[in-house]
Amino acid sequence: MDDEGAGVAEAPARSRPEAIRAVPVRHPGRWVSGAIVLVVAAQLIHWFVTNKELKLGTVRHYLFDHSILVGVGVTLELTAVAMIMGVIIGVVLAVMRLSRNPIVAGGSWLYVWFFRGTPVLVQLLFWYNLPTVARSLSLGIPFGPSWLPQNPKDLITAFIAACLGLGLNEGAYMAEIVRAGILSVDEGQVEAASALGMPRLLSMRRIVLPQAMRVIIPPTGNETISMLKTTSLASVIAFPELLYTAQIIYSRTYETIPLLLTASIWYLFMTSVLSVGQYYLERRFARGALRELPPTPGQRIRRWVALRRGRALT
Amino acid sequence: MSEPTEAQAAVRPMVHSEGVEKWFGRLQVLQGIDLQVKPREVFCIIGPSGSGKSTFLRCINHLEKVDAGRLTVDGQLVGYQERGGRLHELPDKEVCRRREEIGMVFQRFNLFPHMTALGNVMEAPLRLKDENKAAVRERATALLRRVGLSDKLNVYPTQLSGGQQQRVAIARALAMQPKLMLFDEPTSALDPELVGEVLEVMRGLAEDGMTMIVVTHEMGFAREVGDALVFMDQGQVVETGSPRDVISDPQHERTRSFLSKVL
Ligand SMILES: Nc1ncnc2c1ncn2[C@@H]1O[C@H](COP(=O)(O)OP(=O)(O)OP(=O)(O)O)[C@@H](O)[C@H]1O
Ligand SMILES: [Mg+2]
């Protein structure tokens, strides 16, 4: 306990403790390793800029070339369609997997087993080449007869094959993500819904899935970023996304490396933008789970600037 | 089956349990429960942890399946129907419909965290009853006012105290206009100073004539509000009677030793 008299006497001194000005510990190891990294990076950049073979001028020329820009758009479109398919199929499969009907649950398991157990590239080729078989077998496909192409190299065929190949495959991965999300929801929630008389599917839709979102959203962002790159596989079925567009150009001009660089720059740009979006999405869905969110880079910079300014003033 | 006469209907118990048994694998959790809950009665269940109180409550709205014996709610067999002298399992739809008439309140509230207090109360009637939204909203608002939360309509559960959450949960159950309310230790997860406000709401419900089965450790509430009380131990009803008698003058050794620990 404080002696009152002393407390009053000490009050001014205590209200403003002296700021600590200590000599920081030196870390020579950090300086050495940092220097090595810098030297290697500088060499790489030097090689990159001075290398005549890379033809950076060509890269600059094609970066905003019309057909490349169209390829970028097509890549984004394919990513969006495949992900939407994946999410819808994933939700359906996850709900099926948790069904009490063993045949329904088994069907979901079989789907995931098949699509995760075979390479996407094989699946893409499979869907692309299916029409030739389908026509000779005259298989009734739900998309209708007009879907069966006169010419297998039709754009629409490649697009549908790409969507099927990537979307159906993604559905298998999304199913596991959605299932994990559903299982993360407290059992008491389903119990409360059941006790109110809500049927299983209704409580799944209204009570469980909305709460599962917090667990589902972050890995779905990762899947989207990964899908953006995976769309380049559709080049093997001559679908004109970004990579295939670049390939068409360099098969004509033989500027292979510059065009691959051009495509890479665009892929890097798009994945970076998605990563930033992903960061903010995760923050948003962490709400309610974390008491205090870590600061965003923007907030961090502003805080740092404010701190500097404060120091400069004193 | 003959129609019950007027006299029989008047005394028909709300819940009638005859020799109800429940097994979890090789563990027998209920070993022949016999009891009757009359309409408008507040029926309290006490007993040590693991004695099967929650399991019995969950049998009443068919969250658990009864393995043997006969359990009826308002004269209707729970989970089954009798046709041609045989029992047939009820279809899910019918099970859900019957649950609508039985409200349940949980120890851990189990409010829907992504909905406001009003949203929690409106959700089930909005989806399950043939009423328009305005009518449901009006009833939900009235119910929240009744449990003393008219200023918390648009607040999410995490922003409410435990006592307030439990009162929302009671309003949520009442929104389906049940004829029977089941309470499973509704105040056990609450800080002591919040217990009173929840018990007060339950007392009001009892005064309005709601039939209630209450699993509780609140002996004061059982004594003052309860009409009947059973002491359960190891899946059996050990002792039953009026709350005053059982609490002040227990007849069985097991009841005595349990009461000496909780009082
Ligand atoms: N789903 C289940 N599977 C297996 N065993 C269970 C299950 N639910 C309950 N039990 C067991 O049944 C017994 C009775 O449980 P119950 O929850 O009904 O007890 P209780 O009287 O409500 O206890 P408490 O006061 O702790 O809530 C316990 O031994 C418990 O372990
Ligand atoms: Mg219990």
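The values are calculated or read from the model by the stated rules, or taken from the named source; none is laboratory data. Just so it is clear, the structure is predicted and the values come from calculations on it, not from any experiment. No Cβ is skipped: glycine too gets one built from the backbone with ideal geometry, and neighbour counts run over all protein chains shown. Side chains are part of the model used for accessible areas, which takes the heavy atoms of the whole protein and leaves out ligands, DNA and RNA. Shrake-Rupley method; radii C 1.70, N 1.55, O 1.52, S 1.80 Å.
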statement: Using alpha-carbon coordinates alone, the radius of gyration and Dmax of the stretch B:1-100 in Å work out to 14.2, 43
task: Could you tell me what percent of the accessible area of the stretch B:107-263 is made up of carbon and sulfur, with a 1.4 Å probe and every protein chain present?
output: 43
query: To the nearest 100 Å², how much accessible surface do chains A and B cover up together, summed over both, with a 1.4 Å probe?
result: 1700
query: Considering amide H positions built from the backbone, and no H for Pro or chain starts, which residues 5 or more places from residue B:232, or on another chain, come under 5 Å of its amide H?
result: B:46, B:47, B:238
message: Rolling a 1.4 Å sphere over the protein heavy atoms, what is the accessible area per residue of the protein assembly as shown, to the nearest Å²?
response: 56
statement: A chain fully extended from residue B:12 to residue B:262 at 0.36 nm per residue, minus the present Cα-Cα distance, gains in nm 86.6 nm
message: If you consider only alpha-carbon coordinates, what radius of gyration and Dmax does the stretch A:204-264 have, in Å?
response: 18.3, 57
query: To the nearest 10 square angstrom, what accessible area does residue B:59 show with a 1.4 Å probe?
result: 0
task: Starting from the amide H of residue B:32, placed 1.01 Å from N in the peptide plane, find each other amide H under 5 Å away whose residue is 5 or more places distant or on another chain.
output: B:20, B:21, B:22
- line: Stokes-Einstein, Kirkwood over Cα pairs, the stretch A:175-314, 10 °C, 1.306 mPa s; D in µm²/s equals 82
message: How are the alpha carbon pair distances in the stretch B:26-181 distributed across 5 Å bins from zero to the largest one, expressed in percent?
response: 1, 8, 16, 18, 17, 15, 12, 8, 4, 1, 0
message: Quick query: amide H of residue B:148 versus all other amide H atoms, modeled in the peptide plane; which residues come in under 5 Å with a sequence gap of 5 or more or a different chain?
response: none
- prompt: When the Cα centres of the stretch B:198-263 and the stretch B:127-187 are compared, how far apart do they sit, in Å?
  reply: 25
message: Viscosity 1.306 mPa s, temperature 10 °C: what is the translational diffusion coefficient of chain B from Stokes-Einstein with a Kirkwood Rh over Cα pairs, rounded to a whole number of µm²/s?
response: 82
Protein-only accessible surface order, largest first, of A:66, B:252 at 1.4 Å: A:66, B:252
message: Would you report the distance distribution of C-alpha pairs in the stretch B:97-203 as whole percents per 5 angstrom bin, up to the bin with the largest distance?
response: 2, 14, 25, 26, 20, 9, 3, 1, 0
query: On the first, second and third principal axes, largest extent first, how far apart are the outermost C-alpha atoms of the stretch B:63-103 in Å?
result: 29, 19, 18
- line: Classified through the alpha carbon gyration tensor (a ≥ b ≥ c as square roots of its eigenvalues; rounded if a/c is under 1.5, else prolate when a/b is larger than b/c, else oblate), the stretch B:162-247 comes out prolate
- request: Could you please put A:159, A:269 in sequence from largest to smallest accessible area, using a 1.4 Å probe?
  value: A:269, A:159
Rg and Dmax of the protein assembly as shown, Cα atoms only, in Å: 33.9, 105
- prompt: Considering protein heavy atoms only and a 1.4 Å probe radius, which residues within the stretch B:108-124 exhibit an accessible-area decrease of no less than 50 Å² in the full assembly relative to the chain by itself?
  reply: B:110, B:112, B:114
Across B:93/B:129; B:65/B:129; B:53/B:179; B:38/B:179; B:38/B:65; B:22/B:261, pairs whose alpha-carbon gap is larger than 18 Å: B:65/B:129; B:53/B:179; B:38/B:65; B:22/B:261
- prompt: Dividing the Cα radius of gyration by the Kirkwood radius, what Rg/Rh value follows for the stretch A:12-130?
  reply: 1.30
query: What spacing in nm lies between the two simple spin-label points modelled at residue A:76 and residue A:276, each 7 Å away from Cα in the Cβ direction?
result: 1.4
- prompt: Expressed as a rounded percentage, what relative contact order does the stretch B:136-249 have, with Cα pairs under 8 Å and six or more residues apart?
  reply: 19
query: When only C-alpha pairs under 8 Å and at least 6 residues apart count, what is the relative contact order of the stretch A:188-255, in percent?
result: 16
- line: Buried by partner chains in the stretch A:181-204 (accessible area down by at least 40 Å² vs chain alone, 1.4 Å probe, heavy atoms, protein only) are A:189, A:191, A:192, A:194, A:195, A:196, A:197, A:198
message: Could you tell me the extents of the stretch B:119-263's C-alpha atoms along the three principal axes, largest first, rounded to whole Å?
response: 55, 31, 26
- prompt: Rounded to the nearest 10 Å², what accessible area does residue A:280 show when all protein chains are kept and the probe is 1.4 Å?
  reply: 110
